[in-house]
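Inspection log for the structure reproduced underneath, given as structure tokens.
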Amino acid sequence: MPRYLRDIIVLAICLLDVCGITAAEPFWSPLLWPEVRAGCRSSAAAHSEQTNSSDELPHVRPFRSHEFLHGESPKSWLRGAYALVKKLRNCTTVRSCAFSWSFLALIFGARKGGPFESEGRRAVWENLWTDATQRMIHLRQAELLRAKATRLLSPFGGPQERKVPDEGSSVLLLSAHSAGYFQEPFVAPFVRQLECYAFARGMQFAADGGPWPLRHVPLGRTGHYFWVGHWHSTKIGADGAVEQEKWEEDHLKYVVTLVEDLQQYQLSRAVELASLENFVTIYFDDPGKQTKIWSIERQLDKHVMMVLYLDVDVTIRPDSLQWGLIPFLVPQSHSHRPGESWLHLRDMILACWRFVKELCQDVFVRDSWPVIECLNSGFLALRNTRASRLLLELWRQKTRWAASWDQSALAESILELVGMEMQLLGKRGYNSECLRFLLPLPNGVFPYGMYCDCWQSVLSDMIGPHRKRRSRIVTFVDPERIDVNFVPNDFFYAHGFDLAEMHLVSRANASTMNPLIVHWAGTGKHRLWLAREYLQERFNVSLDASCKELSAVAGAVALAGVASTAGPFNSDARAARCCRRLKKVQEKGKQVTLEDMVFWGCCDWRPVRPQECVQWVDAMDSLDTG
């Protein structure tokens, strides 16, 4: 349906409602609420700014032992629990505190994420969690102060950092735990397509499979948590190689047995666990995904101007080859540099203002709105600057934190980097107040949803809300202008592995998304055939096509007379999600609240409009009847 007809229909419905001709309000009527039109910002805050401003390290309060453990717990368990509590009370780094607290919560807290059996025990654990997280926040602030002192960071960049990166001096990077992973049948077609893209754009291409400075050995799994043994990879001479290998083999057997016993609730052995901080930890996701940190650093050491990192399971639109990702992200022309010529005062001021506005950003991530995951690490672009190096350092530090994972670690590092930038400009920085939600709760649950609420709220306070972020160092790429990391599983999780339900192909005249990059995260073994179907139905090209055939798709678009500026390679997932939820609520006869509107993304800038819902309802109705 043409856009002007939709607008006429919306206007007609509004007039009928005003005249009282229709008996019921349209499902999208909450979009007309004044609070929604204003953005609902007052109701979106989800964090507290209370932090310990004292120089004294927060203490862990004492508690009664009989209220600490379950009433039916053997006395031998208390010895193991107190070994971890003692370590927590004496910890002097975030890494050490996180180790002690995470294992305490996972092993001795409320079982299987359930409630505590008594109010007294719940209070003891809540106090312990509060004290432990306050201590870690205090320690992290001290660590960040040291990082700032050793890394000279400028909000404007240095003279050499102002050079605009070109594609010939940039690299498209993939990373995996081993080189053989790229040859796996379910991976190789994705790698081949990305390599073709780099070749077509004149970029370097790298698929890094190691070796890695930190070696992870799987030890077991409890729910979402991976038990992992880790050793630093070291170069050992011929005389000591056999001895080192024998020590690692014996030590690994001991650690595997210990983990198995702990998982079988032989918790008196927690005494032994307390002394193994350098060898054992838990992660919330596969630690093999952390290799991207070292891969990016290696490429920057080769003096490339820009690294474009992508997860392997992504698909770049073949009809975008004639434009390229680097030109999308970075302005390719900087005119009127200060001092290039003698200018009148007014012209000089205007030139300086243009110069500041056109400064190249250092880090590029996809923007997100509240309630959707705060940051997805499947796309990350970094220029070769001090700010990018600092981000990698902050990110790498968290690889040794218990309960960490690559995505949450990157999100927290982005907050820290933006906070440093704001402090340099004399504005409110980041006080690590979201750090507490990167650790398990007293019942062992990892509160990542709470962390993302905090992340969004703090980021909005510092540099503005979704689509209006104002940072010189970090660019939050607006997905409604160009979507560089569209994850359909995040927005349309009830898709049933149907591309039309993901709005990636059109059936029965249903509307489609037009993202530049589709990320098939969360689709598991289905991702390969989904990517095949997507390319075949949408672009009439095979995932196994040659580089020449892929380039022909872009050439056909150019011959068809498409404008020289790309677009739109965006997605309207926020509007689709909002409108779907509004219609379903009306169908169930329920009332919509302002909190619902915030949760569904209806309020974020700019607020979803009625005519967008008319469009998406047409799309949904087409899918239902098609």
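The values are calculated or read from the model by the stated rules, or taken from the named source; none is laboratory data. Quick caveat, the model's predicted, so the values are computed rather than measured. Heads up, the Cβs are rebuilt from the backbone with ideal geometry, glycines too, and the neighbour counts pull from every protein chain shown.
Please pick out the residue among T93, T51, T22 that is at pLDDT 80 or above and in contact with a helix residue (DSSP H, G or I) (Cβ under 9 Å, 6 or more places away or on another chain). Let's see the steps before the verdict.
On the way: T51 fails: at pLDDT 80 or above; T22 fails: at pLDDT 80 or above.
Result of the check over T93, T51, T22: T93.
Being small (G, A, S) and either more than 30 Å from E416 (Cα to Cα) or at pLDDT below 85 (or both) is true for just one of S571, S506, S471. Which residue is that? Write out each step before concluding.
Working: S571 fails: either more than 30 Å from E416 (Cα to Cα) or at pLDDT below 85 (or both); S471 fails: either more than 30 Å from E416 (Cα to Cα) or at pLDDT below 85 (or both).
S506 is the lone residue from the list that is small (G, A, S) and either more than 30 Å from E416 (Cα to Cα) or at pLDDT below 85 (or both).
Which residue is farthest from the chain's Cα centre (by Cα), if the candidates are limited to segment 92-120 and must be surrounded by 22 or more Cβ atoms within 10 Å (Cβ to Cβ) and without any contact (Cβ under 8 Å) to a residue 60 or more places away in the chain?
L104
For segment 188-211, what are the residues that are of a type in the set (A, V, I, L, M), in contact (Cβ under 8 Å) with a residue 40 or more places away in the chain and closer than 18 Å to S295 by Cα? Working first, answer last.
Filtering segment 188-211 for residues of a type in the set (A, V, I, L, M) gives 188, 191, 194, 198, 200, 203, 206-207.
After this cut, where a residue has to be in contact (Cβ under 8 Å) with a residue 40 or more places away in the chain as well, the list is 191, 194, 200, 203, 206.
Once the filter is applied, which keeps residues that are of a type in the set (A, V, I, L, M), in contact (Cβ under 8 Å) with a residue 40 or more places away in the chain and closer than 18 Å to S295 by Cα, segment 188-211 yields V191, L194, M203, A206.
Any residue at all in segment 519-539 that is farther than 30 Å from W455 by Cβ, among the basic types (K, R) and part of a loop (DSSP other than H, G, I, E, B)?
No.
Filter segment 508-537 for residues that are β-branched (V, I, T) and either in contact with a helix residue (DSSP H, G or I) (Cβ under 7 Å, 6 or more places away or on another chain) or farther than 15 Å from H495 by Cβ (or both) and give the result. Steps first, answer last, please.
Here is the first cut: in segment 508-537, the residues β-branched (V, I, T) are 512, 517-518, 523.
Residues satisfying the conditions are I517, V518, T523.
Filter segment 321-340 for residues that are modelled with pLDDT under 50 and under 31 Å from the mean Cα position of the chain (by Cα); which is surrounded by the fewest Cβ atoms within 10 Å (Cβ to Cβ)? Give the steps one after another, and end with the answer.
Within segment 321-340, the first condition is being modelled with pLDDT under 50, and the residues that meet it are 333-340.
Checking the rest, the ones that are also under 31 Å from the mean Cα position of the chain (by Cα) come to 333-334.
Numbers: S333: 6, H334: 14.
Among those that are modelled with pLDDT under 50 and under 31 Å from the mean Cα position of the chain (by Cα), it is S333.
Based on what the data block shows, is I9 surrounded by 13 or more Cβ atoms within 10 Å (Cβ to Cβ), out of contact with any Pro (no Cβ under 6 Å at 6 or more places or on another chain), modelled with pLDDT under 85 and of a type in the set (V, I, T)? So that I can check it myself, show each step before the final result.
On the way: surrounded by 13 or more Cβ atoms within 10 Å (Cβ to Cβ): yes; out of contact with any Pro (no Cβ under 6 Å at 6 or more places or on another chain): yes; modelled with pLDDT under 85: yes; of a type in the set (V, I, T): yes.
Yes; evaluated as a whole, the condition is true for this residue.
Considering L219, L153, which residue is surrounded by 18 or more Cβ atoms within 10 Å (Cβ to Cβ), assigned to a loop (DSSP other than H, G, I, E, B), touching a residue at least 40 places away in the same chain (Cβ under 8 Å) and in contact with a helix residue (DSSP H, G or I) (Cβ under 8 Å, 6 or more places away or on another chain)?
Numbers: L219 fails: assigned to a loop (DSSP other than H, G, I, E, B).
Sole residue among the options that is surrounded by 18 or more Cβ atoms within 10 Å (Cβ to Cβ), assigned to a loop (DSSP other than H, G, I, E, B), touching a residue at least 40 places away in the same chain (Cβ under 8 Å) and in contact with a helix residue (DSSP H, G or I) (Cβ under 8 Å, 6 or more places away or on another chain): L153.
Please go through (1) in contact (Cβ under 8 Å) with a residue 24 or more places away in the chain; (2) in a helix (DSSP H, G or I) for F437 and return the number of the only condition it doesn't satisfy.
Tallying (1) in contact (Cβ under 8 Å) with a residue 24 or more places away in the chain; (2) in a helix (DSSP H, G or I), F437 fails exactly one: (1).
Taking the condition of being hydrophobic (A, V, I, L, M, F, W, C), modelled with pLDDT under 90 and in contact with a helix residue (DSSP H, G or I) (Cβ under 8 Å, 6 or more places away or on another chain), how many residues in segment 229-269 meet it?
Residues in segment 229-269 being hydrophobic (A, V, I, L, M, F, W, C), modelled with pLDDT under 90 and in contact with a helix residue (DSSP H, G or I) (Cβ under 8 Å, 6 or more places away or on another chain): 3 in total.
Report whether or not R580 is of a type in the set (D, E, K, R), at pLDDT 85 or above and surrounded by 12 or more Cβ atoms within 10 Å (Cβ to Cβ).
Values: of a type in the set (D, E, K, R): yes; at pLDDT 85 or above: no; surrounded by 12 or more Cβ atoms within 10 Å (Cβ to Cβ): yes.
Judged against the criteria, R580 is not a match.
If you take the residues in segment 346-373 that are at pLDDT 90 or above and assigned to a loop (DSSP other than H, G, I, E, B), which one is surrounded by the fewest Cβ atoms within 10 Å (Cβ to Cβ)? Break it down stepwise before answering.
Filtering segment 346-373 down to residues at pLDDT 90 or above leaves 362-368.
Cutting the leftovers down to assigned to a loop (DSSP other than H, G, I, E, B) gives us 362, 367-368.
Details: D362: 27, D367: 22, S368: 25.
Restricting to residues being at pLDDT 90 or above and assigned to a loop (DSSP other than H, G, I, E, B), the top hit is D367.
May I ask you to list the residues in segment 451-476 that are more than 21 Å from P607 (Cβ to Cβ) and either over 14 Å from the mean Cα position of the chain (by Cα) or among the β-branched types (V, I, T) (or both)?
Hits for segment 451-476 are V458, M462, S471, R472, I473, V474, T475.
Which residue, of V171, V228, is surrounded by 20 or more Cβ atoms within 10 Å (Cβ to Cβ), touching a Ser or Thr at 6+ places or on another chain (Cβ under 8 Å) and not in a helix (DSSP H, G or I)? It would help to see each step written out before you state the result.
On the way: V171 fails: touching a Ser or Thr at 6+ places or on another chain (Cβ under 8 Å).
Result: V228 is the single residue among V171, V228 that is surrounded by 20 or more Cβ atoms within 10 Å (Cβ to Cβ), touching a Ser or Thr at 6+ places or on another chain (Cβ under 8 Å) and not in a helix (DSSP H, G or I).
When G444 is evaluated against the numbered criteria (1) at positive phi; (2) surrounded by 22 or more Cβ atoms within 10 Å (Cβ to Cβ); (3) in contact with a Ser or Thr (Cβ under 8 Å, 6 or more places away or on another chain), which criterion, by number, is the only one it fails?
Among (1) at positive phi; (2) surrounded by 22 or more Cβ atoms within 10 Å (Cβ to Cβ); (3) in contact with a Ser or Thr (Cβ under 8 Å, 6 or more places away or on another chain), G444 violates only (3).
Please pick out the residue among L392, L415, L424 that is surrounded by fewer than 22 Cβ atoms within 10 Å (Cβ to Cβ) and under 17 Å from the mean Cα position of the chain (by Cα).
On the way: L415 fails: surrounded by fewer than 22 Cβ atoms within 10 Å (Cβ to Cβ); L424 fails: under 17 Å from the mean Cα position of the chain (by Cα).
Being surrounded by fewer than 22 Cβ atoms within 10 Å (Cβ to Cβ) and under 17 Å from the mean Cα position of the chain (by Cα) holds for just one of L392, L415, L424, which is L392.
Go through segment 493-526 and give me each residue that's of a type in the set (F, W, Y) and over 23 Å from Q193 (Cβ atoms).
Quick first cut of segment 493-526, residues of a type in the set (F, W, Y) only: 493, 497, 520.
Residue satisfying the conditions is Y493 alone.
Scan segment 80-122 residue by residue and report those that are among the charged types (D, E, K, R), within 26 Å of K398 (Cα to Cα) and assigned to a loop (DSSP other than H, G, I, E, B).
none
For segment 477-518, which residues satisfy the criterion of being assigned to a loop (DSSP other than H, G, I, E, B) and of a type in the set (D, E)? Give the derivation first.
Initial filter on segment 477-518 (assigned to a loop (DSSP other than H, G, I, E, B)): 478-481, 483-485, 487, 492-516.
Correct list: D478, E480, D483, D498, E501.
Can you name the residue in segment 450-472 that is over 21 Å from G426 (Cβ atoms) and either free of Cβ contacts under 8 Å to residues at least 40 places away in the same chain or polar (S, T, N, Q) (or both) and, of all such residues, is surrounded by the fewest Cβ atoms within 10 Å (Cβ to Cβ)?
The first filter runs over segment 450-472 and keeps only residues over 21 Å from G426 (Cβ atoms), leaving 450-457, 465-467.
Cutting the leftovers down to either free of Cβ contacts under 8 Å to residues at least 40 places away in the same chain or polar (S, T, N, Q) (or both) gives us 456-457.
Details: Q456: 25, S457: 20.
Once the filter is applied, the top-ranked residue is S457.
Within segment 454-490, work out how many residues are within 21 Å of L153 (Cα to Cα) and polar (S, T, N, Q).
Total meeting the criteria: 2.
Can you confirm whether segment 450-468 contains a residue that is closer than 27 Å to T399 by Cα, outside any loop (DSSP other than H, G, I, E, B) and of a type in the set (G, A, S)?
Looking for residues that are closer than 27 Å to T399 by Cα, outside any loop (DSSP other than H, G, I, E, B) and of a type in the set (G, A, S), one finds at least one in segment 450-468, hence yes.
Is it the case that some residue within segment 58-66 is in contact with an Asp or Glu (Cβ under 8 Å, 6 or more places away or on another chain), aromatic (F, W, Y), in contact (Cβ under 8 Å) with a residue 60 or more places away in the chain and closer than 30 Å to N431 by Cβ?
Keep residues of segment 58-66 that are in contact with an Asp or Glu (Cβ under 8 Å, 6 or more places away or on another chain), which gives 58-61.
Filter again for aromatic (F, W, Y), leaving none.
Checked against the condition, which is being in contact with an Asp or Glu (Cβ under 8 Å, 6 or more places away or on another chain), aromatic (F, W, Y), in contact (Cβ under 8 Å) with a residue 60 or more places away in the chain and closer than 30 Å to N431 by Cβ, segment 58-66 yields no hits at all.
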